[in-house]
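The values are calculated or read from the model by the stated rules, or taken from the named source; none is laboratory data. The structure displayed is predicted, hence computed values, not measured ones. Cβ sites come from the backbone with ideal geometry, for glycine too, and all protein chains shown count toward neighbours.
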Amino acid sequence: MVICPGSRNAPLIMAFARYSKMTCYSVPDERVAGFVALGMSKQLKMPVAVICTSGTAVLNLYPAIAEAFYMQVPLLVITADRPEEMIGRWDGQTIQQFEVFKPHVLGSFQTPETLDKNEIDKIHQITLDFYQLSLSAIQGPVHLNVPLKEPLYDAGKLEFQYPDIKLKNQEVIEQPTRFSHQTFSESLSGKKVMILIGADYSEGVHPALEKMSKNGSAVVIADAISNAHAVQNVSNWEAVLLNTSAIQKSEVLPDILITAGKMVLNKTIKQWLRAHPPQRHIHVAENGFTADTFFTKPEVLSLAPNMFFEELSTILPDAESAYVSKFKALANQQGLKSASILEQNFNEFYAIRQILKQLPEQLVLHLANSMSVRYVAYLAAYLKPDWKVYSNRGVSGIDGCSSTAMGMALLNNKLNVLITGDIAFYYDINALWQRQLPENMRIILMNNFGGGIFKNIDGPAGLPELDPYIETPHQLKAHHLAAHFGSRYFLVSDDQQLEETLPLFLDGPGMAIMEITTDSNINSNIFKQYKSIIL
């Protein structure tokens with residue numbers, strides 16, 4: 001439970017804080033609180049609640065709610081409200097709160113304003129439905145609005161009672177009969193098969209998937225935050241698609257595309273498959289849901305992906321196909337041609353590669369949006385098998401990257417490392433403004449003094465308005481900020497400093513920030529060279 005301080009929500013605060021079975025965290029900034037709760041829910045894989053006071057405080061939860069909606073994270077949003085008769089009367093912190101999040105929640109609920117005995121059963125049912133809905137087959141955020149009349153603090157004299165409410169069993173998807181082995185086998189005969197694992201793949205790496213990857217019967221590739229990176233047989237596939245010609249792309253275009261997991265970060269593969277749809281696209285999801293990312297109208301199998309992959313591994317030949325061999329050959333070429341590019345001067349692409357190589361075998365890696373997650377995606381070959389990798393790719397905003405990482409780190413005992421850019425870091429600066437800063441958190445701040453991603457995109461890079469309206473030029477450094485929040489701080493500006501500082505940053509006591517400063521023009525030049533490799 002994440003609690004935002006306030007007055008209108010005081011009765012709710014008392015009720016939750018006094019419940020012995022509830023662990024509560026105080027986070028003053030509502031936008032941060034929403035993302036901290038989101039991170040906690042992602043870590044626990046169960047609903048986590050955030051409560052706040054009325055008015056604009058409620059609206060500050062919206063970015064986290066949108067992220068939870070598209071990432072299918074069960075988030076319980078509880079907002080205190082003014083009584084209905086006060087709405088629209090120019091009363092302070094009073095807005096139309098009921099159903100304010102309607103397009104981006106699974107459901108909106110509101111409790112009765114009266115608390116007489118006749119309403120108790122109704123309130124119990126509302127709260128039960130509210131909780132259960134977050135755990136639907138397609139999970140997500142739900143909103144409970146609670147109008148409260150004054151006096152608000154008389155409840156402080158009461159002894160709260162916590163009735164035992166029985167939860168219903170979660171909705172179970174009926175598994176369909178297994179697909180026809182013979183029919184499916186015939187449809188795959190002689191075809192180029194690609195297995196693409198999207199974000200937030202929660203199945204774990206099944207031996208059957210690993211088998212198909214190793215024997216080369218299919219191209220197996222995975223999104224950087226799929227947590228299936230250990231099983232792919234073309235780890236630098238994103239770089240390959242970046243550097244291949246149209247003819248080469250056509251040679252590695254799949255006939256059969258099989259997907260699992262959620263969204264895919266890589267823009268090139270989305271554009272490629274939209275322009276050249278495969279003959280057949282099958283998406284496997286136990287809850288029977290997918291977005292039609294590639295405009296391929298996929299066949300959706302409501303089946304546990306690992307069950308499907310086990311069957312698929314018995315159908316595909318136990319030998320490397322010419323298709324896989326071709327993709328691997330391009331991958332090897334890309335690896336050789338890109339090796340020397342990153343070594344020119346000191347740049348953020350090089351720095352992130354060196355960091356990935358030296359990070360320990362066990363950790364939780366968090367990636368902020370913009371360039372951080374993209375760099376790591378291109379460097380996926382350096383992701384270690386046991387790492388868990390996360391990023392807010394539901395909406396892909398920079399607004400809660402640090403806060404979400406903080407929420408996850410608070411509830412696990414592993415080393416948590418966040419790689420973030422300067423704009424994402426400063427935009428979410430209040431992630432550091434909370435009582436319980438996790439001591440297992442390490443923040444790597446890539447500071448190029450202005451949001452360098454826009455110099456890497458052809459459109460905005462050529463505009464005269466780039467500076468200062470599209471980029472965000474600044475001269476800020478984080479040393480005073482780190483001291484203010486009681487964090488250890490390290491500054492790095494060259495490769496030797498990075499090599500010397502990284503062990504101290506990782507191994508010392510308490511939370512730490514390592515700021516790596518680079519020249520955005522050098523970064524942009526290096527990335528443009530990387531993009532222009534010809535295979």
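Determine whether Phe505 is aromatic (Phe, Trp, Tyr), out of contact with any strand residue (DSSP E or B) (no Cβ under 7 Å at 6 or more places or on another chain) and assigned to a helix (DSSP H, G or I). Taking the combined requirement at face value, the residue does not satisfy it. Within the stretch 188-247, being without any contact (Cβ under 8 Å) to a residue 40 or more places away in the chain, out of contact with any strand residue (DSSP E or B) (no Cβ under 6 Å at 6 or more places or on another chain) and not in a helix (DSSP H, G or I) holds for Ser189, Gly190, Val205. Filtering the stretch 272-313 to residues that are surrounded by fewer than 17 Cβ atoms within 10 Å (Cβ to Cβ), in contact (Cβ under 8 Å) with a residue 40 or more places away in the chain and outside any loop (DSSP other than H, G, I, E, B) leaves Glu310, Glu311. The condition (being assigned by TED's automatic domain parsing to the domain that holds Val73, modelled with pLDDT of 85 or more, of a type in the set (Val, Ile, Thr) and in a helix (DSSP H, G or I)) is satisfied by just one residue among Thr94, Thr127: Thr127.
On the basis of being surrounded by fewer than 23 Cβ atoms within 10 Å (Cβ to Cβ), outside any helix (DSSP H, G or I) and on the phi < 0 side of the Ramachandran plot, does Leu253 make the cut? So Leu253 passes the test.
Here is a check on your reading of the model: is Thr114 without any contact (Cβ under 8 Å) to a residue 12 or more places away in the chain, under 17 Å from Asp81 (Cβ atoms) and either among the β-branched types (Val, Ile, Thr) or in the same structural domain as Ala66 (by TED's automatic domain parsing) (or both)? In short, yes. Inside the stretch 86-111, residues that are hydrophobic (A, V, I, L, M, F, W, C) and on the phi > 0 side of the Ramachandran plot make up a count of 1.
Number of residues in the stretch 58-88 that are touching a residue at least 40 places away in the same chain (Cβ under 8 Å), of a type outside the set (A, V, I, L, M, F, W, C) and part of a helix (DSSP H, G or I): the value is 5. The number of residues in the stretch 363-417 that are among the small types (Gly, Ala, Ser) and in a loop (DSSP other than H, G, I, E, B) comes to 7. In the stretch 497-517, which residue that is closer than 29 Å to Pro473 by Cβ and more than 26 Å from the chain's Cα centre (by Cα) is surrounded by the most Cβ atoms within 10 Å (Cβ to Cβ)? The extreme case among them is Leu498.
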